[in-house]
Amino acid sequence: MQPTLLITKSPEETKTLAFEIARVLHAGDCLALYGDLGSGKTVFASGLKEALGAEGEMQSPTFTLLRSYDKNGGTYGFYHFDAYRLGGADEWFDLGFDDLVEGDHVSLIEWADIVEDALPERTIRVKIERSIESDDDNVRSIELLFPKGDPRADLEF
Ligand SMILES: Nc1ncnc2c1ncn2[C@@H]1O[C@H](COP(=O)(O)OP(=O)(O)OP(=O)(O)O)[C@@H](O)[C@H]1O
Ligand SMILES: [Mg+2]
């Protein structure tokens, strides 16, 4: 499946993209985020959380492995995982995170490469990179990859 390649030129544009993606999400969707330190994964996550209308202030999960936001008035509850401090997929399973991802919340996982082997087949992948083609520190290239057979792969963002 061909990835969609997008460029954002500010944190706000990355959040706007998260809003657009949120419109096509379903209960139980899982988004895997890839990208270096400071690439913009948490910026994207905060946009997504806001778009879903999930309850509560956004907090960086850097020192926690998971922040959970209830649905309340919003569309879906939201799980924000950060796998940075995990040793791998085994730890993910030990913590029972695989069961959480199977539920109705929309899940987003920062540093998804660390738990790659634990990701469900339906995972939507979002790869964020600082653009090498630009000197502007605020430019990011964002690759969006829906799983095989997912009709959302044909949408334009
Ligand atoms: N186009 C852009 N999209 C997203 N963030 C941007 C962009 N341009 C500049 N930034 C800045 O880059 C930083 C991204 O930080 P963020 O915490 O989202 O990164 P991260 O990928 O979550 O890092 P970590 O791996 O440490 O969790 C922020 O300071 C943000 O303001
Ligand atoms: Mg982060």
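The values are calculated or read from the model by the stated rules, or taken from the named source; none is laboratory data. This is a predicted model, so every value here is computed, not measured. Cβ sites come from the backbone with ideal geometry, for glycine too, and all protein chains shown count toward neighbours. Please note that ligands, DNA and RNA were not included when accessible areas were found on the heavy atoms of the full protein model with its side chains. Shrake-Rupley method; radii C 1.70, N 1.55, O 1.52, S 1.80 Å.
Overview of results
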quantity	calculated
Choice from Ser107, Ser46, Ser131 showing the highest fluctuation, given a GNM over the chain with Cα pairs closer than 10 Å	Ser131
On Cα atoms only, tilt of 11-22 relative to the major axis of the chain in degrees	60 degrees
Using alpha-carbon coordinates, inclination of helix 41-52 to the longest axis of the chain, degrees	70 degrees
Surface/4 of the Cα convex hull for region 76-157, nm²	7.1 nm²
Spatially near lysine pairs across the chain, Cα under 15 Å, sequence gap of 8 or more or different chains	7
When the convex hull of its Cα atoms is projected in every direction, mean area for region 48-93 (nm²)	3.5 nm²
Accessible area (Å², per residue) of the chain, counting only protein heavy atoms and a probe of 1.4 Å	53 Å²
DSSP-defined antiparallel bridges as percent of all bridges, region 12-157, nearest 5	45 percent
Within the chain, helix-based [θ] at 222 nm, where runs of 4 or more DSSP H residues each add -39,500 (n - 2.57), nearest 500	-6000 deg cm²/dmol
Highest-fluctuation residue, Leu25, Leu95, Leu66 considered, GNM on the chain with Cα pairs under 10 Å	Leu95
Charge dipole magnitude, Cβ of K and R +1, D and E -1 - the chain, Cα centre, debye nearest 20	340 debye
Cα-based shape type of region 3-107, given that a ≥ b ≥ c are square roots of the gyration tensor eigenvalues and the cut on a/c is 1.5	oblate
Among Asp94, Asp117, Asp104: highest mean-square fluctuation, GNM of the chain, C-alpha pairs under 10 Å	Asp94
Carbon plus sulfur fraction of accessible area for the chain, probe 1.4 Å, in percent	46 percent
